[in-house]
1. Just to check your reading of the model, which residue among Ile149, Ile157, Ile135, Ile167 is part of a helix (DSSP H, G or I) and either out of contact with any Asp or Glu (no Cβ under 6 Å at 6 or more places or on another chain) or not acidic (Asp, Glu) (or both)?
2. With away from ligand 2 (no atom under 16 Å from the Cβ), buried (at least 18 other Cβ atoms within 10 Å of the Cβ), modelled with pLDDT of 95 or more and part of a helix (DSSP H, G or I) as the only criterion, which of Leu126, Leu65 stands out?
3. Of the numbered conditions (1) crowded, with 24+ Cβ neighbours inside 10 Å; (2) more than 8 Å from ligand 1 (Cβ to nearest atom); (3) not in a helix (DSSP H, G or I), Ser3 satisfies every one except a single condition; which is it?
4. Please name all residue pairs, on different chains or six or more residues apart, with Cβ atoms under 7 Å, provided the first residue is in region 42-66 and is over 23 Å from Lys6 (Cα atoms) and in contact (Cβ under 8 Å) with a residue 24 or more places away in the chain and the second residue is in a strand (DSSP E or B) and more than 13 Å from ligand 2 (Cβ to nearest atom).
5. Quick check on Gly56: is it crowded, with 20+ Cβ neighbours inside 10 Å, more than 10 Å from ligand 1 (Cβ to nearest atom), on the phi > 0 side of the Ramachandran plot and not aromatic (Phe, Trp, Tyr)?
6. Scan region 83-135 for residues that are under 27 Å from Gly60 (Cβ atoms) and of a type in the set (S, T, N, Q) and jot them down.
7. Identify, please: which residue in region 163-177 is under 20 Å from Phe24 (Cα atoms) and of a type outside the set (Val, Ile, Thr) and is, among those, farthest from ligand 1 (Cβ to nearest atom)?
8. Among all residue pairs at least 6 apart or on different chains, which show Cβ distances below 7 Å where the first residue, located in region 154-166, is among the aliphatic types (A, V, I, L, M) and the second is assigned to a strand (DSSP E or B) and modelled with pLDDT of 95 or more?
Amino acid sequence: MDSTNKSYVIWNNKGGVGKSTITFHIACVYAEKNPQRDVVVIDMCPQANCSTMLLGGGRGGEKILQNLISLDTPRTVVGYITDTIIKENKEPQHYLIRVREENNKLPGNIYLLSGDGNLELIAPLLSRRAEAEPISEKDTPWKNIHLIIKNLTKESISVGRPVTFFIDTNPSFSIYTQLGIIAGDFLLVPINADDSSIFAISGLFNLIYGSKKKHPVYDKYTFVTRIKENNLDRPKIHLLLGNRFTQKKGAAHAFKALSNEATKKMHEEYIENKRWFRDHNTSITSQNDFETEFTIELRDFNSAGVVASNLGIPLSLMDKNLYEVYGEQIQVAKEQRDKCKETIDKIVDRL
Ligand SMILES: Nc1ncnc2c1ncn2[C@@H]1O[C@H](COP(=O)(O)OP(=O)(O)OP(=O)(O)O)[C@@H](O)[C@H]1O
Ligand SMILES: [Mg+2]
């Protein structure tokens, strides 16, 4: 059995593709399926949507979140990062929330390093520190700042229990997103079937792994150049998650055509640079083989998704037909719930 820590970062340069929703659902199911592990969700997005869901969703989740943010030392990513910089950081447990204590629907082995809107406010300070002129050859300010979250993923929460980290991110490529990306061993890329999602795949490759065309002036400032100078690892692409939800879906054949296009783009990247993809035992000689190994389709959660995000109930634990959300009765038929659970199970089984 795998007894080491591992980490998954969920990122796409495009907003609104389902990063936070997927992080919430897979972290909950993964925690249930792996009771011998601890699971930590690190929310590197200032919107903190995933944190709100874990903390019980809706207004209640938001209220708990605001309390965590307004503590003298926030029990959030901002508290953790700032304490680490001023070398006052305590055990990870000091900053983590055991979510069961706030949301009794969740398994006891899932923890949260909460998101925090102030991450946006400290971003310029982080950048300035990272870009400070080194005072000697041994001084590595860029590396020190960029490894803050990565270093956390080496820690354990309880003795003898390996940890799996899920890192939710913001679509921007700001400094805090970079901290989150560097912290991932593996990258999960949610995409929607629309043109901009497909373009975003090229953007993602250029930003994380580098583009063939180097800019004569800006190249020396890029993330990729800095990563190489500092000898840091980047996550390997683990899965492309085709998130098929109604608002973007259109006709089924249109969805298929666009997701084929996205897979094609990823496959082209694979042919050129296999080293950016995780190891696999199958032989990949066609786009079809690539699709089987590296992509998975998510179905539309419909009303189950609304209940999940507003009440903080993971799909796996949704066992009623009727839920009340903001005073409205929302119907979630058993068949629909079961299908949604199956989808999440399938992803988690491939982690
Ligand atoms: N499979 C799905 N079925 C139904 N609704 C979904 C699905 N995935 C995401 N959504 C909905 O789409 C919206 C955007 O999802 P989400 O907030 O997870 O995206 P995101 O990528 O985290 O966005 P951002 O870039 O703003 O952080 C939310 O309202 C969410 O409930
Ligand atoms: Mg989000």
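1. On the way: Ile157 fails: part of a helix (DSSP H, G or I); Ile135 fails: part of a helix (DSSP H, G or I); Ile167 fails: part of a helix (DSSP H, G or I).
The match here is Ile149.
2. Details: Leu65 fails: away from ligand 2 (no atom under 16 Å from the Cβ).
From the options Leu126, Leu65, the qualifying one is Leu126.
3. Tallying (1) crowded, with 24+ Cβ neighbours inside 10 Å; (2) more than 8 Å from ligand 1 (Cβ to nearest atom); (3) not in a helix (DSSP H, G or I), Ser3 fails exactly one: (1).
4. From residues that are over 23 Å from Lys6 (Cα atoms) and in contact (Cβ under 8 Å) with a residue 24 or more places away in the chain, the pairs are Leu65/Ser114.
5. Values: crowded, with 20+ Cβ neighbours inside 10 Å: yes; more than 10 Å from ligand 1 (Cβ to nearest atom): yes; on the phi > 0 side of the Ramachandran plot: yes; not aromatic (Phe, Trp, Tyr): yes.
Against the criterion (crowded, with 20+ Cβ neighbours inside 10 Å, more than 10 Å from ligand 1 (Cβ to nearest atom), on the phi > 0 side of the Ramachandran plot and not aromatic (Phe, Trp, Tyr)), Gly56 qualifies.
6. Within region 83-135, the first condition is being under 27 Å from Gly60 (Cβ atoms), and the residues that meet it are 92-122.
Across region 83-135, the qualifying residues are Gln93, Asn103, Asn104, Asn109, Ser114, Asn118.
7. So in region 163-177, the residues under 20 Å from Phe24 (Cα atoms) come out as 163-172, 176-177.
Right, trim to of a type outside the set (Val, Ile, Thr) and you get 165-166, 168, 170-172, 176.
Values: Phe165: 17, Phe166: 13, Asp168: 7, Asn170: 6, Pro171: 4, Ser172: 9, Tyr176: 13 Å.
Step by step, filter region 163-177, then rank; the result is Phe165.
8. Ile157/Asp38; Ile157/Val40; Ile157/Tyr111; Ile157/Val163; Val163/Asp38; Val163/Val40
The values are calculated or read from the model by the stated rules, or taken from the named source; none is laboratory data. Nothing here was measured: the structure is a model prediction, and the numbers come from that model. For neighbour counting, all protein chains shown are included, and Cβ atoms are generated from backbone atoms with ideal geometry for every residue, glycine included.
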